[in-house]
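See structure below.
Each reported figure results from applying straightforward, stated rules to the coordinates on display, with no laboratory input. From a predicted model like this one, the values you see are computed outputs, not experimental measurements. With ideal geometry, Cβ positions are generated from the backbone for all residues, glycine too; neighbour counts draw on all protein chains shown.
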Amino acid sequence: MSQKEQVIIFDTTLRDGEQSPGASMNIEEKLRIAHQLERLNVDVMEAGFPIASDGDFEAVKKIAQTIKGAQIAGLSRSNDLDIDRAWEALKYAGERGRIHTFIATSDIHMKYKLKMSEQQVLDTAVAAVTRAAGYTPNVEFSAEDAVRTKLPFLAKVIEAVIDAGANTVNIPDTVGYTIPSEYYDIISYLKKNVSNIDKAIISVHCHNDLGLAVANSLAAVQAGARQLECTINGIGERAGNCSLEEAVMTLRTRQDIMPFTHNIVTEQISPSSKLLSTITGIMVQPNKAIVGTNAFAHEAGIHQHGVLMDKSTYEIMTPESVGLNQNKLVLGKHSGRHAFIDRLKQLGYDLNKDEIQKSFVRFKTLADMKKEIFDEDLDAIVADEILRVPETYKLQQMNVSSGSFAAPTATVEMEVNGKMKKIAVIGDGPVDAAFKAIKKLTKSKDGLLDFTVGSITGGTDAQGECTVRLRSEDGREVLGQGAHPDIIVASAKAYINALNKIASNKKRVQMNF
Ligand code: KIV
Ligand code: ZN
């Protein structure tokens, strides 16, 4: 019997994923995701783009120093400065450090963006890979916009960079343009026309502009690609990247026609998805494959009947296989510390003593207000108490009066850069009054783009969950989240969370490439 071949899972949540509007993370948050990716057992994690900012550099360095097991990749353009900076951060991972260097190869990009000829691009790519290979044998080269590149030129570049020392060659669909059969043909063409292709792993990296990123990636695997670049929840530039959970679960579910192995611990998929949503504030749609709240819900009577008779009638994979525990243990007022810690562990949170204590106090306060505490409540507690960015602004207390007679008035007390401040403001409604008060106290000039309200669980005693989207003065979008049984307090917390993210992001420089 022939041995199954392995598909290497390269996660780029912390690099391409972080380029999604509103998804920027600080070092502490990136490190938490990195630890979760370690539990998920990805083969390679792309930790960032070290030259992009000091924050990115520090995050890649910290991840290279801390994470054991997975290879750590850092992105660099094809120039000496980028490559040197990338290795400076990656060197702490030793032989697990991977320099990922790229340059665009399509006519459109060469003409309008790079203003370079084919020969110049070829020489630059070879020089970059040669320099990177001087630091490490673990070098990945990406031909940006490969899908719109003339195939003979693409083959020439790929052959030259393999000769120069690249051991992984990535063929990205940068703009999410291809379809499965075309992408299959591109990979097949390279296998046939690049004489040294057997000396490198072919990697694929698909964007989801036409909703085909997963399908395209899997078609490429069928054609011979053996590394799949993807992100948790499919986050990434514009419409996002190939979703890790969808690609991996397809490989697992369709072994009959895709007989490949991978190293992912699929039971860690749901905790990874939730942690990312909590940290970034970007929720997945309810009907999202694998990780949406409806992904395993059977609503129609005929489906429910079938599933009760035999799960395989309508279920092609089990919720447990992606880490969804169907018997949610409900905690309450009388639940002890042990049950609480145990549940947090099952939800994938690895908290230290201090963090457990903080969360436990908050849990007890919530349990006094609300009879039953669900997993989603615990997620919100951890998000609020632990995963928040450093607090430049802190809500101390607030009181809002409103109704059909009174002018809505909010009295808000906050700590602003360590100083206590208080104000009372009238608004068009209670949320408007609260937001105006916060805006005045923080002197914020950031614009409110969007405000949504939901409830974390069912029932009138459910915690309210609010998301606020702001545009910062430098034009970036930031999401803030807040949860509380009082919906106005939840709104204020979400607004303040977004302001804190803007404050902590201020030092980061946006890189365009
Ligand atoms: O989409 C893309 O082409 C990229 C490269 C830098 C790999 O993200
Ligand atoms: Zn990309």
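For an R0 of 25 angstrom, estimate the FRET efficiency from the Cβ-Cβ distance between Lys68 and Ile341 and round to the nearest 0.05. Step by step, r from the Cβ atoms, then E = 0.55. Summing charges over neighbours of Phe102, with a neighbour being any other residue whose Cβ is under 14 Å away from its Cβ, gives -4 when K and R count +1 and D and E count -1. For the chain, the Cα-based Rg and Dmax, in that order, read 24.5, 80 Å. Note on Lys199: lysines with a C-alpha under 18 Å away, same-chain residues under 8 apart excluded, are Lys156, Lys191.
The amide H of Asn170, built 1.01 Å from its N in the peptide plane, has Phe141, Ser142, Ala143, Ser203 as neighbours under 5 Å, considering only residues 5 or more places off or on other chains.
Taking the Cα centre of the chain as origin and assigning +1 to Lys and Arg Cβ atoms and -1 to Asp and Glu Cβ atoms, the resulting dipole is close to 1200 debye. Please check which bits of segment 414-444 a label hung off Gln396 would reach, taking the label as a point 7 Å along Cα-to-C-beta and the cut-off as backbone N under 12 Å. The answer is 414-423. By the Kirkwood approach, averaging reciprocal distances over each pair of separate Cα atoms, segment 301-385 gets a hydrodynamic radius of 14.6 Å. Enumerate the calculated ³J(HN,Hα) couplings along segment 32-40 in order (Karplus 6.51 cos²θ - 1.76 cosθ + 1.60, θ = phi - 60°), each rounded to whole Hz, writing x wherever the residue is Gly or Pro. So the J values, rounded to whole Hz, are 5, 5, 4, 5, 5, 5, 5, 5, 5.
Sorting Lys436, Lys371 by the number of Cβ atoms found within 10 Å of their own Cβ, with the fewest placed first, yields Lys371, Lys436. Between Ile426 and Glu58, the distance separating the two model label sites (each 7 Å from Cα on the Cα→Cβ line) works out to 4.5 nm. Full extension of the segment from Asp450 to Val307, taken as 0.36 nm per residue of separation minus the current Cα-Cα distance, would add 47.5 nm.
For segment 301-385, the Cβ-based charge dipole about the Cα centre amounts to some 380 debye (Lys, Arg positive; Asp, Glu negative; other atoms uncharged). Comparing Cα centroids, segment 352-429 and segment 449-500 end up 11 angstrom apart.
Selection among Ala424, Ile179, Gln19 by position relative to the dipole of the chain gives Ala424 as farthest towards the positive end (Cβ unit charges, Cα centre). Karplus-derived 3J(HN,Hα) values for segment 306-311, using 6.51 cos²θ - 1.76 cosθ + 1.60 with θ = phi - 60°, are x, 5, 5, 5, 7, 3 Hz; glycine and proline are entered as x. Only helices enter this figure: runs of n ≥ 4 DSSP H residues, each worth -39500 (n - 2.57), summed and divided by the residues of the chain, yield -12000 deg cm²/dmol at 222 nm to the nearest 500. Per the Debye formula with a single identical scatterer at each Cα and no solvent contribution, what log10 I(q)/I(0) holds for segment 137-267 at q = 0.12 Å⁻¹? Reported log10 I(q)/I(0), two decimals: -0.42. Going by neighbour counts of Cβ atoms within 10 Å, the residues Asp173, Asp82 line up, fewest first, as Asp82, Asp173. What's the tally of Lys pairs in segment 301-385 whose alpha-carbon atoms lie under 17 angstrom apart, where the two lysines are 8 or more places apart or on different chains? Taking segment 301-385 as the scope, the lysine pair count is 10. For segment 59-87, the residues whose amide N sits under 17 Å from a probe point set 7 Å from the Cα of Arg39 along the beta carbon direction are 67-70.
Scoring 389-401, 418-430 by mean Cβ neighbours within 10 Å over their residues and listing the highest first yields 389-401, 418-430. Which residue, Gln255, Ala155, Pro319, has the largest displacement toward the positive end of the dipole of the chain when charges sit on each Cβ (Lys, Arg +1; Asp, Glu -1)? Of the candidates, Pro319 comes out farthest on the positive side. Working note: Karplus 6.51/-1.76/1.60 with θ = phi - 60° gives segment 268-283 the couplings 8, 5, 5, x, 5, 4, 5, 4, 5, 4, 5, 6, 8, x, 9, 8 Hz, where Gly and Pro are set to x.
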